[in-house]
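Below is one structure, written out as structure tokens; comments come after it.
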Amino acid sequence: MKMLRYLYIFSFGILLSINIDASGEESNALHWSFLPIQRADLKDVDANPIDMFLAERLQENKIVPNPQSDPISLIRRVAIILTGLPPDSERVDSFVTDYNDNAISAYEKLVNELLESKKFGERWAQHWLDIIRWAETNGSESNLYRKMSWIYRDYVIRSLNEDLPYDQFVRDQLAGDLFGKGDATGFLVAGSHVPAATVGQIPESIRQARADRLDEIIQTVSSSLLGLTMNCARCHDHKFDPITIEDYYA
């Protein structure tokens, strides 16, 4: 529990100090990711913003967009993106029929159907699990099997299928033991680390194993939630991000 509090303080401290470079002086050229988010002006308020931004960039680069996909290609593309699986022949036929009657209505119906499918959570949980380097073994020389690793995996799948708000998704994973979401805290130890029980009784090895595990937690939190590689500052001031070795061990 104390470790989680320290982790909170550490992470917020980094966020508050992102306008300071590694030398302690104010940076004159902040990376775009450190700048405040600004809402872009929409030339056509009735248009879809994503479509508008893409169209503008295509025009700037003098690129002619591809023609609209036929309904069979469209349903295959959408199904594979959202569920990782191609649609069966019956669903393709029904979509083509609906599409010929009303293309927009058929497309909206298809997307909603796929989003409500359990396969959606299974497909998109993979991306989050890849980001935090989730595995069913702990890596290293022993590479022991994690018998309970499925609990956290299923939590991620269930969260996506239940449309859990992102802020709650993050809170549960960082401090689920305080909010009755213990199945979410597997996030903190999802990556590879050496279990202390496998390093013997040598005090130095035990301390090293604990330090490596804490570094693994810091690396997972910083890279997945903050987009920063804090673990680089374990040995030296970060070469690119505004994180010093003093920040790491603070």
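The values are calculated or read from the model by the stated rules, or taken from the named source; none is laboratory data. Source: prediction; values computed, not measured. Using ideal geometry, Cβ is built from the backbone for each residue, glycine included, and neighbour counts are taken over all protein chains shown.
Points worth noting:
- Condition check for Ser73: part of a helix (DSSP H, G or I), polar (S, T, N, Q) and surrounded by 11 or more Cβ atoms within 10 Å (Cβ to Cβ): no
- Total residues in the range 133-176 satisfying the condition of being touching a Leu at 6+ places or on another chain (Cβ under 7 Å) and surrounded by 14 or more Cβ atoms within 10 Å (Cβ to Cβ): the figure is 6.
- Where a residue in the range 182-210 is in the same structural domain as Ile151 (by TED's automatic domain parsing) and its partner, wherever it lies, is modelled with pLDDT under 75 and not hydrophobic (A, V, I, L, M, F, W, C), with Cβ under 7 Å and at least six apart: Ser192/Asn138; Ser192/Gly139; Ser192/Ser140; His193/Asn138; Val194/Ser140; Pro195/Asn138; Thr198/Ser142
- So Asp241, is it of a type outside the set (A, V, I, L, M), at pLDDT below 85 and surrounded by 19 or more Cβ atoms within 10 Å (Cβ to Cβ): yes
- Checking Ala47 against (1) modelled with pLDDT of 80 or more; (2) within 26 Å of Asn100 (Cβ to Cβ); (3) out of contact with any Leu (no Cβ under 9 Å at 6 or more places or on another chain), the condition it does not meet: (1)
- Close Cβ contacts (under 7 Å, 6 or more residues apart or on different chains) running from residues in the range 66-86 that are farther than 21 Å from Asp51 by Cα to residues that are in a helix (DSSP H, G or I) and small (Gly, Ala, Ser) comprise Leu85/Ala79; Pro86/Ala79.
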